[in-house]
Amino acid sequence: MHGEIKNKYNPLDFEKDIYSFWLEKKYFHNEVDFSKEPFSIVIPPPNVTGYLHIGHALNNTLQDVMVRYMRMKGFNTTWIPGTDHAGIATQNVVERELEKSGTNRFKLGRKKFVENVWQWKEKYGSRIKSQLEFLGCSCDWDRERFTLDESYSRAVTREFVSLYNDGLIYRGNYMVNWCPRCRTAISDIEVEHAEKSGSLWDIKYPLIDTESGKPSSSEYIIVSTTRPETMLGDTAVAINPKDRRYKKYKGRLVFLPLAERKIPIVEDDFVDMDFGTGAVKVTPAHDPNDFEIGRRHGLKEINIMNEDAILNSNAGKYAGLDRYRAREKVLEDLGEQGYLVGKKDHKSSVGFCSRCSTVVEPRISMQWFVSMKKLANPAIAAVREGRVKIKPKKWEKIYFSWMENIRDWCISRQLWWGHRIPVWYCKSCSEIMVSESTPDKCSNCGSSNLEQDSDVLDTWFSSCLWPFAVMGWPDETDELKHFFPTSLLVTGHDIVFFWVARMIMMSLYFMDDIPFKEVFINPLVSDFKGRKMSKSKGNVVDPVEIINKYGADVLRFTLTSLATPGKNLLLGEERIAGMRNFANKLWNASKFVISNTEHTGDIKNINMEDLSLNIWDRWILSRLNGTIKGVEKYLKKYNFSFASRLLYDFFWGEYCDWYIETTKSRIYLSEDDKEKKTACYVLWTVLEKYLRLLHPFMPMVTEKIWQNICSDGESIVISKFPEFDGSQTDEEAEEKIKVLFDVIGEIRKIRSELKINPSSKVKVNLVTKDKIKEDILEENKEYIYNLAKVGSLEFKNSLDQKGYVRATKGDVDIYIYILDVVDIELEASRITGEIKKVKIDAEKSSKKISNIDFLKKAPEEIVNKEKEKLAQFSKVLKVLNEQLEKIKNIRK
């Protein structure tokens, strides 16, 4: 796989080939080996309908960093990939395709429709896999799973039957969230809520005269509702027993307008006396709270809607109308008949189907449910006791809040794509049979006239088995014995309840063990302004486009550099372009090292005793050692941002900007072979170790370069991760080099501030009372000449001499003569102009921060960013004013 390092860094030239090489060598697959410590991760399975979005790119990059790191640490690793059949999502996609060809699933029939979905899956289902490969993910593809695989389906059937036999699954007519578009029940956490502006209508319900039994013309109760069309299914009016306004109506009947029937007034503590008029209509079949009131008072449940939210025959003359058209007609009729007495603006929380965004309809339906309390308690204890650690820790509080208030889970879905419920009904005697295999006759009457339940199971019911079902459960496999429980789960906060909590519950129930030891909740990805990414805003970052433009390594390192635990990740293309510059730097610096070390023989086997390490060699080896320690420290905390920053700063700021520059004179000008050899050895050694350190973050470019500097190496993937070595820490060298950095850095800073031509060399005088520092500076004069572009350097005071700019760093005074390199008047004019410009920008920023509307409406990230800008403007103004003062104080 060795190939030449070309002049220009172009990742598309080699990334695909390198990934193919890894697959061919099966580096990502490890057999069970009980002699090694395992490290296992299961991928949060993307929907089979999915494509790689930026959230996937972040999540999978972070997983890959950890897997590659642990593989290099010598662990027996597996990262098990796979996809979810995604019941509703996949069925919706295929149904839309059928609509385009003028047909639908009902015309095709169940069998033919399911065949169509499988065909679609075979055609498009591998898209997400190829995109994960494009990103460089080191998944164990030999263990890839799909939630509708035959063996996985067997696990799901075992799950249902076991829970049913243990009394934790039951069937009943209960209120569910119903999507009229998908025509299926959906769980509470599949409903997305949004506050919407609407109306609250007041409707007059006449009381029934106790003597005549007819509606009274003078007595009535006014009820308030946001959904007047559902009044056609009212079976009571409820009041609070503590509400004195309505005490006299207790036990009375009212006349239900339009439906023209009598319904009772009931007392219930649930009624909010401060909402509307304090009296509410009760529609048990179309409101979850009304459903509970109805059950408490034994009220009739009248369903007025079909599955598609079209009103049915129970709605009388309104039958056949869509729910919203029915609302208009009901309000029109109420107004004409004198029952509509008020209307006001009202904001309420409206539930939408998370799959298709249709407004959800509460509906009573015969469904299958899991009783959750018994399952939840051990899962709460597992997190509370620290057996499962959720990081950042703030998510534990949210986990506990949801788990301690958990409701039973509706697991049946009125779909055709998915795991069909393993229940059969005898059409002869109505016996219900729950079985792992298809029964051939009724267990009660012996009839063969059986029919399987037509519903399928909620997608999350199957995916909650993922950590152990992918390893072969319910069979007792070696994979389960070795790799389970898994080591880590990396996932987004949006599926903590959908998936994470349920995996913990089911794992404890079926495996009597936790599914994973740690859960890392990765950050959300927002645009660079802190806004959620959406097509309508035009701010979506497409990772596939980014990879095509910049390469996978650049995207990965950008994402890790921004991934700080607990903070939203603000991503813009300018950040990505900045990391492209880093990749270029890595490429070019590596070319420099290769070109200067390729003729030195077997460099990695050079004996250290044959070398002569100077202060710069000792310093860079010490700094590399500190970087290794820091990177490992932050990886263990999942602080990918800090680890990335260490990697970036060491390579660019220390190895390239300083160490490589110091080696050039030793390699090109020194006549001492030992010194040349030493410089080459340290250059090579540091680069080789650094590539291994960087590999988990930028795997493909590090492989490409590593194979060019380790001609006998097989692959960096299976090389050893660098280890911290206390003997390599050299505090003395670091302290001495800091003295040089301070002086060289200050000279560079003044050159930059005064816009001194890079080719112009300056005269510098230094003064310090610290003899040790003076010796260090004296010994390293040649480096000050080269790195700070200094023409002459003396150790003398120039305080009273004309034309010098003075700066102090620690206890070293630095005098730079500038009259021969700077036009004083022109420079003063330039700085004055800069000051004016920055003041204008600072004033704009200050006005924004003082604007109350901006502080209220703008996202927190944007407000903080604006405050940071203002603080930065203050710093810039301080520097510019100091520069101007220096210029003015120069004596000609």
Alpha carbon centroid spacing (whole Å) that separates segment 471-528 from segment 83-111: 30 Å
Solvent exposure, largest accessible area first (probe 1.4 Å, DNA, RNA and ligands not counted), of Lys517, Lys427: Lys427, Lys517
Between segment 1-65 and segment 389-428, how many Å separate their Cα centres? 32 Å
For Asp478, what accessible surface area do you get with a 1.4 Å probe? Give it in Å², rounded to 10. 80 Å²
Quick one: grab the alpha carbon gyration tensor of segment 268-342, order the square roots of its eigenvalues as a ≥ b ≥ c, and give me rounded if a/c is under 1.5, else prolate or oblate depending on whether a/b is larger than b/c. oblate
Looking at the chain, which Cys residues are left with no other cysteine's beta carbon under 4.7 Å from theirs? Cys137, Cys139, Cys356, Cys410, Cys464, Cys656, Cys680, Cys710
Using only Cα atoms, locate the centre of segment 558-585 and the centre of segment 814-884, then give the distance between them in Å, rounded to an integer. 25 Å
Would you compute, from DSSP H runs of 4+ residues alone, the mean residue ellipticity of the chain at 222 nm, taking -39500 (n - 2.57) per run and dividing by the full residue count, rounded to the nearest 500? -13500 deg cm²/dmol
Mind ranking His56, His297 by accessible surface for me, highest first, 1.4 Å probe? His297, His56
Where a ≥ b ≥ c are root eigenvalues of the Cα gyration tensor, a/c under 1.5 meaning rounded, otherwise prolate if a/b exceeds b/c and oblate otherwise, segment 101-162 counts as oblate
For the cross-link pairs Lys389/Lys567; Lys837/Lys867; Lys343/Lys397; Lys397/Lys636; Lys738/Lys789, which exceed 29 Å when the distance is taken from alpha carbon to alpha carbon? Lys343/Lys397
Around Arg252, which amide H atoms from residues at least 5 apart in sequence, or from another chain, sit under 5 Å from its own amide H, with H modelled in the peptide plane? Ile265
Among Asp542, Asp440, what's the order by accessible area (1.4 angstrom probe), most exposed first? Asp440, Asp542
Any idea what Rg and Dmax come out to for the chain if you just take the C-alpha atoms, in Å? 36.0, 122
Starting from 0 in steps of 5 Å, tell me what percent of the Cα-Cα pairs of segment 673-719 lands in each bin. 5, 23, 29, 19, 12, 8, 4, 0
What accessible area per residue, rounded to a whole number of Å², is obtained for segment 477-600 using a probe radius of 1.4 Å? 37 Å²
What are the ³J(HN,Hα) values, in whole Hz, obtained from phi via the Karplus relation 6.51 cos²θ - 1.76 cosθ + 1.60 with θ = phi - 60°, for each residue of segment 56-69 in sequence order, with x given for Gly and Pro? 4, 4, 5, 4, 6, 5, 5, 4, 5, 4, 5, 5, 5, 4
Among the aspartates and glutamates, which have Cα under 17 Å from the Cα of Lys591 when same-chain residues fewer than 8 positions away are ignored? Glu4, Asp13, Asp657, Glu661, Glu688, Glu703
Specify, per residue and in Å³, the volume enclosed by the convex hull of the alpha carbon atoms belonging to segment 203-267. 83 Å³
In Å², rounded to a whole number, the accessible area per residue of segment 98-243 with probe 1.4 Å is 45 Å²
Let me spell out the model: positive unit charges on the Cβ of Lys and Arg, negative unit charges on the Cβ of Asp and Glu, origin at the Cα centre of segment 802-892. What dipole size does that give, in debye rounded to 20? 280 debye
With θ set to phi - 60° and the Karplus curve 6.51 cos²θ - 1.76 cosθ + 1.60, what are the ³J(HN,Hα) couplings of segment 773-785 in order, to the nearest whole Hz, using x for Gly and Pro? 5, 4, 5, 4, 5, 5, 5, 10, 4, 4, 6, 5, 4
Where a ≥ b ≥ c are root eigenvalues of the Cα gyration tensor, a/c under 1.5 meaning rounded, otherwise prolate if a/b exceeds b/c and oblate otherwise, segment 124-198 counts as oblate
Among 615-627, 106-118, how do they line up by average Cβ neighbours within 10 Å per residue, starting with the highest? 615-627, 106-118
How much accessible surface does Lys633 have with a 1.4 Å probe, in Å² rounded to 10? 100 Å²
Keeping to pairs on different chains or 8 or more places apart, tell me how many lysine pairs in segment 77-137 have Cα atoms under 21 Å apart. 10
For Gly82, other-chain or 5+-apart residues with amide H closer than 5 Å (H placed, Pro excluded) are Arg145
Counting only protein heavy atoms and using a 1.4 Å probe, what share of the accessible area of the chain belongs to carbon plus sulfur, as a whole percent? 47 percent
Tell me, what is the Rg over Rh of segment 347-476, with Rh the Kirkwood radius over Cα pairs? 1.05
For segment 825-837, 3J(HN,Hα) per residue [Karplus equation, 6.51 cos²θ - 1.76 cosθ + 1.60, θ = phi - 60°, Hz, x = Gly/Pro]: 5, 5, 5, 4, 5, 5, 5, 4, x, 4, 4, 4, 5
Expressed as a whole percent, how much of the Cα-Cα distance distribution for segment 564-713 exceeds 18 Å? 60 percent
Please report, largest first and rounded to whole Å, the three semi-axes of the ellipsoid equivalent to segment 465-562, where each semi-axis is the square root of five times an eigenvalue of the C-alpha gyration tensor. 35, 17, 11
Partner lysines for Lys888 [C-alpha distance under 19 Å; skip if fewer than 8 residues away on the same chain]: Lys749, Lys755, Lys802, Lys836, Lys878
Can you give me the Rg/Rh ratio for segment 420-502, using Cα atoms for both radii and the Kirkwood formula for Rh? 1.16
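The values are calculated or read from the model by the stated rules, or taken from the named source; none is laboratory data. As the structure is a prediction and not an experimental result, all values here were calculated from the model. For neighbour counting, all protein chains shown are included, and Cβ atoms are generated from backbone atoms with ideal geometry for every residue, glycine included. The protein model used for the area step is the full one, side chains on, heavy atoms only, and it has no ligands, DNA or RNA in it. Shrake-Rupley method; radii C 1.70, N 1.55, O 1.52, S 1.80 Å.
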